[in-house]
Each structure stands twice: as structure tokens, then as C-alpha cells.
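Step one of this worksheet: look at the structure below.
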Amino acid sequence: MVDTKKRKKTEEAPAAGSEVAKKRKGHQEGAVKVGKKSASAASSLALFKVYVGNLKCPVDQEALRKKFATYGAISDLTLPASTKEAAKCFAFISYATEEAAKAACEAAGSEFGGASLKVQLSGEKGGDITATDTTVFVAGLPVTCKEGGLRKHFAPCGEITKLEIPPCKAGGKHKGETRGIAFVTFSTRKSHDAAVKLDGKAYEGSTLKIKEFVAKSKSEKPKKIDDKDVNRVFVGGIPKTGDEASLRSHFEACGAIKRCMMPINKDKSKRGVAFLNFVSPEGVKKAVKLDGSEYKGKPLKVTIAGAPSEAKGK
């Protein structure tokens, strides 16, 4: 005997190619499309994610949410479990719109829980500087420069897709300071050109030097910019009795000195020259005016530093 339940299902099943079968297939395909669309919408929300670093643990998540809610509606706030027990941790904040996520990046450098926050769009690699035809190189920045302030300075030029401010090398008395330079990438060439026009403009008491940043080729890494070459003057004619402390004192009226280097020969004798790096370009301008000034009974030769060969002295 044929099972009555199986017979009923067979009778109810529409014939292939019939109108009923076509309609049923259409409904099924529609359901699949809706499912894919929903998944796509969900994934697009994940794209509007912001990385918040340099948080001090434990983190007050409610306070953090309140701080970043001022930029737009927050879809999710996640604090990775692996970081909760560390001294420093990070979080990911997802926004409902791309505009809100980009606006949240303005919080970079702001204080939260006694620490200066690092904020950037999730996926951007810190320190991985890549040259494009919309990237500008910025020099002459104060060593205390913050990302948030610099973003606001260049905001009138157009949308910023990436901003890098290289820090000083870890350790030493310059810990926490920047190298006084930055790399700013814009979404369009028009914005890039507008930024270049800000060359020579003042920023937090310093005069900026802005130019297009281009690597030799796409396959090569951009040339490393050494902060020893920024705001530097060459000092010659230093007597053997000269020393760093007294030389700094001689130029201190010109402005804050970031670095003082006095090269020596292989036998450890002094070469009679020095290189001074000032915090701002204004310090360089004032220092050059001391050319011919007397130092320990001898006139100094002060010029803007050029090629490293000057270190050999005369």
C-alpha cells in the first residue's frame, strides 16, 4: 500500500513548468535576494568602523560611548577581551554612516581617562606611509602637533583619507614628541593642490613648508625623511674649548633647540663644527643672524645647513 501522506504530497506538488511552480520559484529567488541584500547592508555598517587606541585600562565604556556619540549614532562599541587586562588597550566603534565615522577621527589627540587618544578609520595602517598623487608632505610642525588639530587645519582643502604624523624614535628625552613632519593624503587632486597653496602659512606659531610628496616609482618605498634635516643650521669656527651646553646658551635667544650635534674625528678630537635643529623655522631665521657673532673669543660661521659634507669642517 502507498502511504497516504506521501500520496497527498505528490498530489499537491505542482508540475515542473506550470504557473504555480514558476511563482513558487520566483518567491524563493526573491527571498534569497532579500537575504543577500540584508547581509550586504549589515556588512556596509562594519565598514564605518573607527579604531580608538591608547586607552587606559580599565575603560569606562559608557563614558567612551558618550564621548563618541557626539559625532553620530553608534551602532556598536567593542573592547577586545584580550586587551582588557593590559595597561593600554583599544576599542572599535561602528557608526551608522560614513560621515559620522570620519567626523569621529577629529577626536584624535583629545584626552580621555588621562591619555591622549589615537583615532583613525579602521583598516588604516599607522606608520605605513604610501605616496600617491594626492599626498602632500608637511614640514615645520611643532613637535607637540596633534592629529586632530592638523586635520582641522587642512579640512577646508577637502576630504582627508589618511594622515600620518611620524613620532620621534622611542626612548630618550624626546619621548612623546613628533618629528615635526606629516603626510596628508586627500581624496582628490583638487584638494591636494589646495593644500599645497597653504605653503608658508602659520600653524600654532610655526611656518609650514608644504609640497607634493612623490616616490621615485610605485614599486619603491618612499624615501625616508630624516628629521635631522628639518629646521637645521650649520655652525662653524667653534674653538676647541666649545661645548654643547655653552653653544646652546649662545643660541637660546633664537628659540627652542630640539637637537645639538657636535661631530668628532676618529681620534675623538672636536671638528669645530655643530648642527643645531630648532623646533620652528623662526628659530633658524634668528640663528642665521648670529653669523659672525663672537663665541669664546672667536667669530662663528652660521648658515642654513646643506649637504652632510659640511660636517667635515674646515
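If the condition is being modelled with pLDDT under 90 and assigned to a strand (DSSP E or B), then the stretch 279-305 contributes only ILE304. Being buried (at least 19 other Cβ atoms within 10 Å of the Cβ) and at pLDDT below 90 is a description that applies to ASP227. Which members of the stretch 258-301 meet the condition of being in contact with a Lys or Arg (Cβ under 9 Å, 6 or more places away or on another chain), among the hydrophobic types (A, V, I, L, M, F, W, C) and buried (at least 20 other Cβ atoms within 10 Å of the Cβ)? Residues satisfying the conditions are VAL273, LEU276, PHE278, VAL279, VAL284. Candidates PRO263, PRO308: the one that is modelled with pLDDT under 85, outside the structural domain of ILE181 (by TED's automatic domain parsing) and not aliphatic (A, V, I, L, M) is PRO308.
The values are calculated or read from the model by the stated rules, or taken from the named source; none is laboratory data. Nothing here was measured: the structure is a model prediction, and the numbers come from that model. Note that each Cβ is placed from the backbone with ideal geometry, even for glycine, and that neighbours are counted across all protein chains shown.
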